[in-house]
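Everything on this sheet refers to the single structure shown next.
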Amino acid sequence: MPTRSSTNIVRYKQPVSALVVIHTPKLDVLLLERAKHPGYWQSVTGSAELGETLADTARREVFEETGIDASRYTLDDWKRSSVWEIFLEWRFRYAPGVTHNEEHIFSLCVPDGIPIAISPAEHRAFMWLPWRQAAEKCFSYTNRDTILELPHRFAHSTG
């Protein structure tokens, strides 16, 4: 949602974001269910703030959405992005005329059993699923396609 600064200037979301697929060494993937859209499961995602690097965006969003301190683990920048059309229902958050977002891909490997503290304003539930099942559950095709790449990107036994 656009916000107002102390000088009453409207600040819109930047059309640049980070998608962070959080996974365990076994490639179980953390999914979050959107609070305002039951049934919409996704990985951590969020828009960059002015002056913030994409890695900083990724770490901030991981902490805000899960309570995980990403600086304690290796954040892997895939050095890849995709551009997608912003859903009509969410365009009011962006400046007039902005219709597309550039999403940058990251992953974060965390230990099994790491505590998760979701933000109730953003998410209503979370779950860990094996990577194939997690990919099937995502509503976003970019999120799904990223999860499907995990076993090719990491030299882990995925069963």
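The values are calculated or read from the model by the stated rules, or taken from the named source; none is laboratory data. Model, not experiment: these values are computed from the prediction. FYI the Cβ positions are ideal-geometry reconstructions off the backbone, even for glycines, and counts take in every protein chain you see. In case anyone asks, the SASA skips ligands and DNA or RNA and just uses the protein heavy atoms, side chains included. Shrake-Rupley method; radii C 1.70, N 1.55, O 1.52, S 1.80 Å.
What is the extension gain from R91 to F63, computed as 0.36 nm multiplied by their sequence separation minus the C-alpha to C-alpha distance, in nm to one decimal?
Contour length minus Cα-Cα distance gives 7.6 nm.
At 1.4 Å probe radius, can you tell me the per residue accessible area of the chain in Å²?
Accessible area per residue, the chain: 54 Å².
Straight-line reach from K26: which aspartates and glutamates have a Cα under 13 Å away, not including same-chain ones fewer than 8 places off?
D112
List the aspartates and glutamates whose Cα lies under 17 Å from the Cα of K79, skipping any in the same chain that are fewer than 8 positions away.
E52, D56, E102, E103, D145, E149
Please list the equivalent ellipsoid semi-axes of segment 64-106, computed as the square roots of five times the alpha-carbon gyration tensor eigenvalues, in descending order and whole angstrom.
Semi-axis lengths for segment 64-106 are 27, 15, 7 Å.
On a 0 to 90° scale, report how tilted helix 54-66 is relative to the longest principal axis of the chain, with both axes built from alpha carbons and the result rounded to the nearest 10.
Approximately 80 degrees, to the nearest 10.
5 Å is the cut-off here: which amide hydrogens, built 1.01 Å from N in the peptide plane, fall below it relative to A35, excluding neighbours closer than 5 in sequence?
H123, R124
Against the longest alpha carbon principal axis of the chain, how many degrees, from 0 to 90 and to the nearest 10, is the axis of helix 141-153 turned?
Roughly 40 degrees, rounded to the nearest 10.
Could you look at segment 48-159 and say what percent of its accessible area is carbon and sulfur, using a 1.4 Å probe and all protein chains?
54
Of all DSSP beta bridges in segment 11-127, what percent run antiparallel (nearest 5)?
Counting DSSP beta bridges with both partners in segment 11-127, the antiparallel share is about 70 percent.
Check the straight Cα-Cα distances from K36 and name the aspartates and glutamates below 15 Å, setting aside those fewer than 8 residues away within the same chain.
E65, E89, E122
Just how large is the dipole of the chain about the Cα centre, in debye to the nearest 20, putting +1 at every Lys and Arg Cβ and -1 at every Asp and Glu Cβ?
Numbers: 18 positive and 20 negative charges, 51 e Å.
For this selection, approximately 240 debye.
If each of Y141 and V16 carries a label point 7 Å out from its Cα toward its Cβ, how far apart are those two points in nm?
A separation of 2.5 nm, rounded to one decimal place.
What does the helix-only formula give at 222 nm for the chain: each DSSP H stretch with n ≥ 4 adding -39500 (n - 2.57), the total divided by the residues, and the result rounded to the nearest 500 deg cm²/dmol?
-6500 deg cm²/dmol
Which one, V44, V29, F154, is farthest towards the positive end of the dipole of the chain when Lys and Arg carry +1 and Asp and Glu -1 on their Cβ?
Final value for the positive-end residue is V44.
Fully extended, how many nm does the chain gain between M127 and S71 (0.36 nm per residue separation, minus their Cα-Cα distance)?
On the way: separation 56, 0.36 × 56 = 20.16 nm, distance 2.21 nm.
The span from M127 to S71 would gain 18.0 nm if fully extended.
How far apart, in nm, are the 7 Å Cα→Cβ label points at E52 and R80?
So the two model labels end up 2.4 nm from each other.
Translational diffusion coefficient of the chain at 25 °C, 0.890 mPa s, Stokes-Einstein with Kirkwood Rh over Cα pairs, in µm²/s as a whole number. Walk me through the numbers before you get to the answer.
Numbers: Rh = 16.1 Å.
This corresponds to a translational diffusion coefficient of 152 µm²/s.
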